[in-house]
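The values are calculated or read from the model by the stated rules, or taken from the named source; none is laboratory data. On a predicted model such as this, the values are computed, not experimentally measured, just so you know. All Cβ positions, glycine included, derive from the backbone under ideal geometry; neighbour counts span all protein chains shown. Only protein heavy atoms, including side chains, enter the accessible area calculation; ligands, DNA and RNA are left aside. Shrake-Rupley method; radii C 1.70, N 1.55, O 1.52, S 1.80 Å.
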Amino acid sequence: MKPITCRWVTNEKPESDEGVRARIVVKDIARGSATARSLAISSPTPSVESLRMVLGASCGIWGAELALYAIDVSQAFMNSPLRDKERIVLRMPLSISTTSGEPIFLEAHKALNGLRVASLTWSVFLKDIVSKVGLACSTTEPCLYGGVIDGSPTLLLCYVDDLLIASSTDKAFHRVFKELSKHVKVRETGRIAL
């Protein structure tokens, strides 16, 4: 097994109290023809048709108007557990080393930004979370989830770590939000009720 190298990435967050945020990013670079897509580990993104369907549902094309809620998931990849069969060893940046200057190697148990399987790992993790409240993944549109929560028809559209939820009641939205909050840090970024 060949260790994957990492690097530090820093950026300022003037709009928050964090100041400067530093994180480790994996340099999991595809060599040759072994890209994420060819290895079937890339994550899907929603089609424009699925977005139109969610927006149409919120306008009441099926009878009941649904309110729209936007959610941002913080550090979605870094909270997604790797599957048991995935064993990934990271070689930390040289700024993190032993007292004698030897590099440090760590085994990853969760996905990290830059890891080829990170996006797919997050998709699988999200599917597991929302299934607990009764939302099922569409068979033809893997970024679209639907179901009935406490009698309320509910749709969830996922674009990486941004979620759009359409529901006829606040109660159904809050059940989804609460379940997500048990596993990842989430914040509501907007709400539209017609």
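Quick one: in the stretch 164-188, which of the residues that are closer than 14 Å to residue 67 by Cβ and assigned to a strand (DSSP E or B) is most open to solvent (accessible area, probe 1.4 Å)?
188
Looking at the stretch 54-104 only, could you name the residues that are over 26 Å from the mean Cα position of the chain (by Cα) and either of a type in the set (A, V, I, L, M, F, W, C) or closer than 30 Å to residue 164 by Cα (or both)?
Those that are over 26 Å from the mean Cα position of the chain (by Cα) and either of a type in the set (A, V, I, L, M, F, W, C) or closer than 30 Å to residue 164 by Cα (or both): 59, 60, 61, 62, 63, 64, 65, 94, 96, 104.
With the structure loaded, tell me whether residue 18 is modelled with pLDDT under 80 and not aromatic (Phe, Trp, Tyr) or whether it fails that test.
yes
Filter the stretch 127-136 down to the residues that are open to solvent by 40 Å² or more (accessible area, probe 1.4 Å) and in contact with a helix residue (DSSP H, G or I) (Cβ under 8 Å, 6 or more places away or on another chain) and list them by number.
Listed by number, the list holds a single entry, 132.
Name, by its number, the condition in (1) within 19 Å of the chain's Cα centre (by Cα); (2) free of Cβ contacts under 8 Å to residues at least 12 places away in the same chain that does not hold for residue 112.
So the condition that residue 112 fails would be (2).
Looking only at the stretch 58-108, how many residues end up being part of a helix (DSSP H, G or I) and of a type in the set (Phe, Trp, Tyr)?
1
Could you tell me how many of the residues in the stretch 137-161 are open to solvent by 20 Å² or more (accessible area, probe 1.4 Å) and in contact with a Pro (Cβ under 9 Å, 6 or more places away or on another chain)?
Total satisfying the criteria: 5.
So which pairs qualify, if the first residue must be in the stretch 62-91 and closer than 16 Å to residue 159 by Cβ and at pLDDT 85 or above, the second must be exposed (fewer than 14 other Cβ atoms within 10 Å of the Cβ) and among the hydroxyl-bearing types (Ser, Thr, Tyr), the Cβ gap must be under 7 Å, and the two must be at least 6 apart or on different chains?
What qualifies is 70/189; 71/189; 72/189.
With respect to residue 102, is the statement that it is acidic (Asp, Glu) and open to solvent by less than 60 Å² (accessible area, probe 1.4 Å) true?
Considered against the rule, which asks whether it is acidic (Asp, Glu) and open to solvent by less than 60 Å² (accessible area, probe 1.4 Å), residue 102 comes out as no.
May I ask you to verify whether residue 91 is within 24 Å of residue 23 (Cα to Cα), of a type outside the set (Ser, Thr, Tyr) and open to solvent by 30 Å² or more (accessible area, probe 1.4 Å)?
yes
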